[in-house]
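Student: There's a structure below that I have some questions on.
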């Protein structure tokens, strides 16, 4: 016992007039490590509660971050105090260290403060679908002390510095879990019955399983938007579900496929770029003789009937959207090994 007490009281070095013993170092390090362990357990517990609740996830995320940071800071202060170091005596050293941090680590401090602003501002929350200024889009998985982790629909994780969301424009597609209206452009040949086009496309959009029921403010519509060189230009305006909004490429492809099927089944022509050529004379020949010289048919000649399209098709994009999204902020390996399917 005497040997152990002597070993614990062995002085390693001194800070000013304060000796630092081996026992104090071991105790201080143990307290700091215990603080990290408690912070990790608290984070996992709050994450489990947040995953089971449907409401208040943003508030729980703030509690999780504050608890984690607070436990680590308190453990560090207690651990340093256990060493026998008076923190008040380090005021001058802390001031000099603060100047060094401000000059050398200003980028890290900037990102940390930006992360706190994002957490408390609540303009960006875990689970939101965002689009960056460069066009990259994905689901917010985590708002960390240095960066925001975004996962695209192709399972690619993007690590974006927190300051990018403070200083630059960011499009939040699902802020406060609100949906949005999307525009699907399409075109039909000149001479098509516009009312028939409208009815056919509306029925096709409403038959898509992820189209929301209509209300006074959210209606499915078809707009005539312009006159092209060889087609009438339309747009389908539709309100899809929030899960579909988070997969914009597949959602757009699904509606486009449904429109194409509906137009083909209704016998409405989807035009190709074309050009009218009027030929007055060729090698001394005119009219039909000129066409015969080129082995071309007269425009009034009967055309061959096209075979009727097959009305039964497979909409892969719609099938892709029918799969549920994985839980937010769940590691990829865990989602693959559990009951939830991978995106």
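Student: What distance in nm lies between label points placed 7 Å from Cα along the C-beta direction at residue 41 and residue 265?
Tutor: In this crude label model, residue 41 to residue 265 measures out at 6.0 nm.
Student: If each of residue 26 and residue 142 carries a label point 7 Å out from its Cα toward its Cβ, how far apart are those two points in nm?
Tutor: 3.4
Student: Also: Using a 10 Å cut-off on Cβ atoms, rank the peptides 143-151, 211-219, 68-76 from the highest mean neighbour count down.
Tutor: Put in order of decreasing packing, that is 143-151, 68-76, 211-219.
Student: Classify the range 119-176 as rounded, prolate or oblate, taking a ≥ b ≥ c as the square roots of the eigenvalues of its Cα gyration tensor: rounded when a/c is under 1.5, otherwise prolate if a/b is larger than b/c and oblate if not.
Tutor: rounded
Student: Taking only the C-alpha atoms, wrap a convex hull around the range 120-221 and report its volume per residue in Å³ as a whole number. Numbers along the way, then the final one.
Tutor: Values: hull volume 15.7 nm³, N = 102.
In the range 120-221, the Cα convex hull volume per residue is 154 Å³.
Student: Would you mind calculating the gained length between residue 183 and residue 230 on full extension (0.36 nm times residue separation, minus the Cα-Cα distance), in nm to one decimal?
Tutor: So the chain would gain 14.8 nm between residue 183 and residue 230.
No value in this document is a laboratory result; all are computed from the given coordinates. The model shown is predicted, which means the values in this text are computed figures rather than measured ones. In this analysis, Cβ positions are derived from the backbone assuming ideal geometry, glycine residues included, and neighbour counts consider all displayed protein chains.
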